[in-house]
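Novice: Pasting a structure below so you can have a look.
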There are 2 protein chains.
Amino acid sequence: MIWFTEYWTENVGLTVKANEVKRIKSKYQEILILETPEFGRMLVLDGLIQTTERDEFIYHEMLVHPAMLAHPDPKRVLIIGGGDGGSVREALKHPSVEEVHLCEIDEEVIIASEKYFPSIAGKLRDPKVKIFIADGNAFLEEKKDYYDIIILDSSDPVGASEVLFTKEFYSKVKASLRKDGVMVAQTESPMIQEEYFKKAISEIRKVFRNFGVYLAFIPTYPSGMWSFTIASEYIDVINTKRMEKVKELKTKYFCDSIYACLFTVPKFVEDIIKKS
Amino acid sequence: MIWFTEYWTENVGLTVKANEVKRIKSKYQEILILETPEFGRMLVLDGLIQTTERDEFIYHEMLVHPAMLAHPDPKRVLIIGGGDGGSVREALKHPSVEEVHLCEIDEEVIIASEKYFPSIAGKLRDPKVKIFIADGNAFLEEKKDYYDIIILDSSDPVGASEVLFTKEFYSKVKASLRKDGVMVAQTESPMIQEEYFKKAISEIRKVFRNFGVYLAFIPTYPSGMWSFTIASEYIDVINTKRMEKVKELKTKYFCDSIYACLFTVPKFVEDIIKKS
């Protein structure tokens, strides 16, 4: 066993006992698969924990369901990033869905996830799913006015994912959505990555008329406080709640009461949002 | 600079860059004061992070205000543990308060907090505050039917604090409360210390007719997801909300919306509570 440490900043990190299962140098990044006694299998990209068997349900449920429920009848879903397949799995829980497109830049992430994370990646070969190995930014140019839901399941805004946190990119997302389309993005930790968080929100609100920020407890992400931002040009995402659909979803974190209080955030986070 | 690591379990920990400011061997524990670039000054007892300048407001506001607001007119407050003074500071924000008793077993914690954490300990010498250097369990025997609020601001249920998580102890708390008294306790992390969490709740619900569990994001505590349990024999703590009092409080985390949604927890936490 080794101790694997993810440094959240240069001054703090999470350290986890682990055995190395596999290390892959792909064209884009280093993919590391660890076996950990605390969190089960863990997927690490360029030194940053992306997902673990134990707590991945939190991130994936909270990323996907609020956006899916904000839309009256989501049929076409695009996930950008998310090669581990967790967001695909959650999107398919909505019976209205006819197609899920996954646009992942790094095929090696998909191959590794299917091999080492079957409980997460297990729906990637569902007949409703189509996988595109492509750059999300370029992919969006091809699909105008097409999707009901776009889910930005990206890594941190450094390197390949940096462009995914800009106004230009969110404008492309908007153009690829149908009129009542909804997008959602993971938008980092307000505690540990306040600058990233502010940047993402300030860029999203320049592009979409309606937006809302919500949080979830994710123990293996920096500070444990993670944010998501949902946005739509036509749907009032904060006040549109389809409560009756929640009980049909088989989930472990997301539920009626979490949904009802979704946009409740601590005062200091509300203050950051207001100033973004 | 060194790297200080708190091990949450034998398999995971938080590691923080730090300079050692002071190390004190008291009669009860090792008190370590660190200066950290990420979290400011940090108080560590027997290797466990108790409080930091940067995020202490979350723990102290969330521990104290819900209980104070559950009571119609809290005048007499007892804090057991809490030698750093943060809970005293928050309790004094309520204008109805006439006396705050602090019962801390280890005087060295108070001395160190006053010296190294003035922003936290600064209200310990307020005229309304009386400090007792005593064992909380023994102290309660002396004060029957006296307090409106009892705040259990203890360390983890190991060593000196173990007794503070038992039915016998909660019965003494109840006997020391007046008829419409309210108690609140920090009850550990449902993610990382599920057994402690279950134990605390199952013992509290044996003693008090009404109880409710709520969570807060605390980056420097295990998993970042921290729980609190509020309980009362006569007050329906879940449904009693004094919203009008919230805006009088000067806080950074606690606010109207957090209070309105206080008892909203993820489904898996609700499931643990139901089974406790």
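Only the coordinates and a few stated rules stand behind these numbers; no lab work does. Computed from a prediction, not measured in an experiment: that's the story for all the values here. No Cβ is skipped: glycine too gets one built from the backbone with ideal geometry, and neighbour counts run over all protein chains shown.
Novice: First check a/c for segment B:1-99, with a ≥ b ≥ c the square roots of the eigenvalues of its C-alpha gyration tensor; if it is under 1.5, answer rounded, and if not, answer prolate when a/b is larger than b/c or oblate otherwise.
Specialist: The shape class here is prolate.
Novice: Related question: Using a label point 7 Å beyond Cα on the Cα-Cβ vector, give me the inter-copy distances for A:Asp256 in nanometres, one decimal, shortest first.
Specialist: 2.6
Novice: How far is B:Glu142 from itself in the other copies, in nm, if each label sits 7 Å out from Cα along the Cα-Cβ line, shortest first?
Specialist: Once sorted, the set of distances for B:Glu142 reads 7.7 nm.
Novice: Where a Cα-Cα gap under 18 Å defines reach, which lysines qualify for A:Lys144, not counting those fewer than 8 residues away within the same chain?
Specialist: Of all the lysines, those that pass the test against A:Lys144 - Cα under 18 Å, at least 8 places apart if same chain - are A:Lys75, A:Lys130, A:Lys167, A:Lys172, A:Lys174, A:Lys179.
Novice: Shifting gears a bit: Expressed in nm², what is the orientationally averaged projection area of the convex hull enclosing the Cα positions of segment A:7-48?
Specialist: Its Cα hull, projected and averaged over all orientations, spans 3.2 nm².
Novice: Setting aside same-chain residues fewer than 8 positions from A:Lys199, which aspartates and glutamates have a Cα under 18 Å from its Cα?
Specialist: Once the sequence-local aspartates and glutamates are set aside, what remains near A:Lys199 is A:Asp153, A:Asp156, A:Glu162, A:Glu168, A:Glu188, A:Glu270, A:Asp271.
Novice: Let me ask something additional. Output the lone cysteines of chain B: those with no second cysteine's C-beta under 4.7 Å from their C-beta.
Specialist: B:Cys103, B:Cys255 - these cysteines have no disulfide-compatible partner (Cβ-Cβ under 4.7 Å) in chain B.
Novice: Restricting things to alpha carbons, find the Rg to Rh ratio for the protein assembly as shown using the Kirkwood radius for Rh.
Specialist: 0.99
Novice: Highest mean first, what order results for A:247-254, B:97-104, A:85-92 on Cβ atoms within 10 Å?
Specialist: A:85-92, B:97-104, A:247-254
Novice: May I pose another question? Considering only DSSP beta bridges where both residues belong to the protein assembly as shown, give the percentage that are antiparallel (nearest 5).
Specialist: Rounded to the nearest five, the antiparallel share is 65 percent.
Novice: Cross-link candidates for A:Lys241: which aspartates and glutamates have Cα within less than 20 Å, leaving aside residues fewer than 8 places away along the same chain?
Specialist: Hits, sequence-local ones excluded: A:Glu61, A:Asp73, A:Glu90, A:Asp148, A:Asp180, A:Glu233, A:Asp256.
Novice: Two decimals, Cα atoms only, Kirkwood Rh: what is Rg/Rh over segment B:56-275?
Specialist: Here the Rg-to-Rh quotient is 0.92.
Novice: Let me ask something else about it. Which ordering of A:Met1, A:Met68 is given by a fewest-first count of other beta-carbon atoms within 10 Å?
Specialist: Ascending number of Cβ neighbours within 10 Å: A:Met1, A:Met68.
Novice: I'd like the distance between the alpha-carbon centres of segment B:153-220 and segment B:21-91, rounded to an integer number of Å.
Specialist: So the two Cα centres are separated by 16 Å.
Novice: Net charge within 10 Å of B:Val16 by Cβ-Cβ distance, Lys/Arg positive one each and Asp/Glu negative one each, not counting B:Val16 itself?
Specialist: Combined, the nearby Lys, Arg, Asp and Glu give -1.
Novice: If contacts are Cα pairs under 8 angstrom and at least 6 residues apart, what is the relative contact order of segment A:2-51 in percent?
Specialist: Rounded, it is 26 percent for segment A:2-51.
Novice: Okay, moving on. Given H placed 1.01 Å from N in the peptide plane, which residues other than close sequence neighbours of B:Leu177 have an amide H under 5 Å from its amide H?
Specialist: Amide H neighbours of B:Leu177, under 5 Å, 5+ apart: B:Asp145, B:Tyr146, B:Tyr147.
Novice: Further question: Looking at the axis that maps chain A onto chain B, which chain A residue has the closest Cβ, and how far off is it in Å, rounded to a whole number?
Specialist: Residue and rounded Å distance to the axis: A:Gly224, 1.
Novice: Hey, for B:Asn11 with labels 7 Å out along Cα-Cβ, what do the inter-copy distances come to in nm, ordered shortest first?
Specialist: Output for B:Asn11: 3.1 nm, nearest copy listed first.
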